[in-house]
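**Student:** Quick one: the structure is below, questions incoming.
The values are calculated or read from the model by the stated rules, or taken from the named source; none is laboratory data. Here the structure is a predicted model, which means the values were calculated and not measured. Neighbour counts are summed over all protein chains in view; Cβ atoms, including those assigned to glycine, are modelled from backbone coordinates with ideal geometry.
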Amino acid sequence: MITAYAREGEGLRVLDNGDATAPIWVDLFQPDGGELALMSGRAGIDLPTRADQEEIEQSSRLYLEEGVPVMTVLLPSRTGGEMMQMGPVTFILRPAQLITIRHHAPRPFETFPARAGRSSLGCATAEAVLVGLLEDIIDRLADITEQSGREIDVISRRVFGPDKMSTEDHRSALREIGASDTRVMHLRESLMTLERMLGFLMPVFDKMRTAKALRAMLKTHYRDARTIAEQASYLQQKTALLLEATLGMINIEQSAIIKIFSVVAVAFLPPTLVASIYGMNFTHMPELDWPLGYPLALVLMICSAVGPMWFFRRRGWL
């Protein structure tokens, strides 16, 4: 689907199919081969396919095509089930037009057109539209990072709280820690690609003699992306600590269970030995003829069981 936006007043409006106004921003959402070919012909360059967008080499994501910067980043979006989906988004900055290519729905692409006129530098040029869209993207990444931090704090209070966790609680905590770690990892990957894009774009803006305010804002975006990336790195370290702590607590509980079994086995070992001795069927066993032999054997077994328990408790092993 192709959506074209033209400048209207201080904002943007969606162009109809029959509108001859030159668009300042063309957004391609899940384009097919025909739409890519159509826009490639209009732009005068080969637009990247989805396979091209998913290349991991930096030279395949950031390059100049006949002097036109083509930049691909990974951006997150939330599905209906609140699961994070990562996907490539390509920005192509022509002299008077911005082209974006995406196959999923990051929220800034839905919210920015309505507030483009209220962005810090407006939307008078394609460069301003790009900088404003990047501002929304960075704000969105910051929101997701803050939300992930709050979710990790909730898990941390559960793991390190005073209440004892059951086996099912530990399983649930491990699942939540894994989901949080995956989300933070995706955030770091997205911020890394965005940071590289901003670093690539700054000399391009200098060469294009873009307005000084736009270049200054781009540098601010670069610093913001780096700051959020550092926060995401800290959150990933925190999830690693939570994972190790949860696994450690599980090991402690398992050790306590094994300890109980070991103590019980040691406690019953001496009585078992006494019972085994007096269970032997030898002819000459003087104790068999004693009237008090049976009670004495019981008392001996009880004392042999209580003795190790008393010793363990005195040593602090229980």
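**Student:** Go through the stretch 1-28 and count every residue that is touching a helix residue (DSSP H, G or I) at 6+ places or on another chain (Cβ under 8 Å) and in a strand (DSSP E or B).
**Tutor:** 9
**Student:** Tell me which residues, restricted to the stretch 42-63, are surrounded by fewer than 11 Cβ atoms within 10 Å (Cβ to Cβ) and under 15 Å from ILE99 (Cα atoms).
**Tutor:** The one that is surrounded by fewer than 11 Cβ atoms within 10 Å (Cβ to Cβ) and under 15 Å from ILE99 (Cα atoms): GLY44.
Listed here are the residues, each with its yes/no results for (1) in the same structural domain as LEU134 (by TED's automatic domain parsing); (2) modelled with pLDDT of 80 or more; (3) in contact with a strand residue (DSSP E or B) (Cβ under 9 Å, 6 or more places away or on another chain); (4) not hydroxyl-bearing (Ser, Thr, Tyr).
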| position | (1), (2), (3), (4) |
| --- | --- |
| MET202 | yes, yes, no, yes |
| THR210 | yes, no, no, no |
| THR227 | yes, yes, no, no |
| GLY248 | yes, yes, no, yes |
| LEU288 | no, no, no, yes |
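**Student:** Among what's in the stretch 97-130 and is surrounded by fewer than 17 Cβ atoms within 10 Å (Cβ to Cβ) and among the hydrophobic types (A, V, I, L, M, F, W, C), pick the residue that is farthest from the chain's Cα centre (by Cα).
**Tutor:** Restricting to residues being surrounded by fewer than 17 Cβ atoms within 10 Å (Cβ to Cβ) and among the hydrophobic types (A, V, I, L, M, F, W, C), the top hit is ALA124.
**Student:** From the set of residues in the stretch 273-297 that are closer than 25 Å to ILE260 by Cβ and not polar (S, T, N, Q), which is nearest to the chain's Cα centre (by Cα)?
**Tutor:** Taking the stretch 273-297 as the starting set, the residues that turn out to be closer than 25 Å to ILE260 by Cβ are 273-276.
This time we only want the ones that are not polar (S, T, N, Q), so: 273-275.
Details: LEU273: 58, VAL274: 60, ALA275: 60 Å.
For the stretch 273-297, the residue satisfying everything is LEU273.
**Student:** Given the conditions (1) out of contact with any Pro (no Cβ under 7 Å at 6 or more places or on another chain); (2) closer than 18 Å to ILE137 by Cα; (3) modelled with pLDDT of 80 or more, which single one is not true for ARG78?
**Tutor:** Answer for ARG78: the failing condition is (3).
**Student:** Considering only residues that are without any contact (Cβ under 8 Å) to a residue 24 or more places away in the chain and in a helix (DSSP H, G or I), which ones fall in the stretch 39-62?
**Tutor:** To start, the set of residues in the stretch 39-62 that are without any contact (Cβ under 8 Å) to a residue 24 or more places away in the chain comprises 40-42, 44, 46, 49, 51-52, 55-57, 59-60.
Correct list: SER40, GLY41, ARG42, ALA51, ASP52, SER59, SER60.
**Student:** Do any residues in the stretch 141-168 that are farther than 14 Å from GLN231 by Cα and in contact (Cβ under 8 Å) with a residue 40 or more places away in the chain have Cβ atoms under 8 Å from those of residues that are of a type in the set (Gly, Ala, Ser) and surrounded by 12 or more Cβ atoms within 10 Å (Cβ to Cβ), where the two are at least six apart or on different chains, and which pairs are they?
**Tutor:** Final answer for the pair search is ILE155/ALA173; ILE155/SER180; VAL159/ALA173; VAL159/ALA245; PHE160/ALA245; MET165/ALA173.
**Student:** Being closer than 22 Å to VAL131 by Cβ, touching a residue at least 60 places away in the same chain (Cβ under 8 Å) and either surrounded by 15 or more Cβ atoms within 10 Å (Cβ to Cβ) or of a type in the set (A, V, I, L, M, F, W, C) (or both) narrows it down to one residue among MET208, MET202, MET192; which is it?
**Tutor:** Values: MET202 fails: touching a residue at least 60 places away in the same chain (Cβ under 8 Å); MET192 fails: touching a residue at least 60 places away in the same chain (Cβ under 8 Å).
The match here is MET208.
**Student:** Follow-up. Let me confirm something: among ARG140, ARG158, ARG171, ARG94, which residue is within 30 Å of GLY33 (Cα to Cα), surrounded by 13 or more Cβ atoms within 10 Å (Cβ to Cβ) and not small (Gly, Ala, Ser)? Don't jump to the end; show me each part of the working.
**Tutor:** Numbers: ARG140 fails: within 30 Å of GLY33 (Cα to Cα); ARG158 fails: within 30 Å of GLY33 (Cα to Cα); ARG171 fails: within 30 Å of GLY33 (Cα to Cα).
ARG94 is the lone residue from the list that is within 30 Å of GLY33 (Cα to Cα), surrounded by 13 or more Cβ atoms within 10 Å (Cβ to Cβ) and not small (Gly, Ala, Ser).
**Student:** From ALA211, ALA225, grab the single residue that is in contact with an Asp or Glu (Cβ under 6 Å, 6 or more places away or on another chain) and more than 21 Å from SER156 (Cα to Cα). Give the steps one after another, and end with the answer.
**Tutor:** Working: ALA211 fails: in contact with an Asp or Glu (Cβ under 6 Å, 6 or more places away or on another chain).
Checking each option against the conditions leaves just ALA225.
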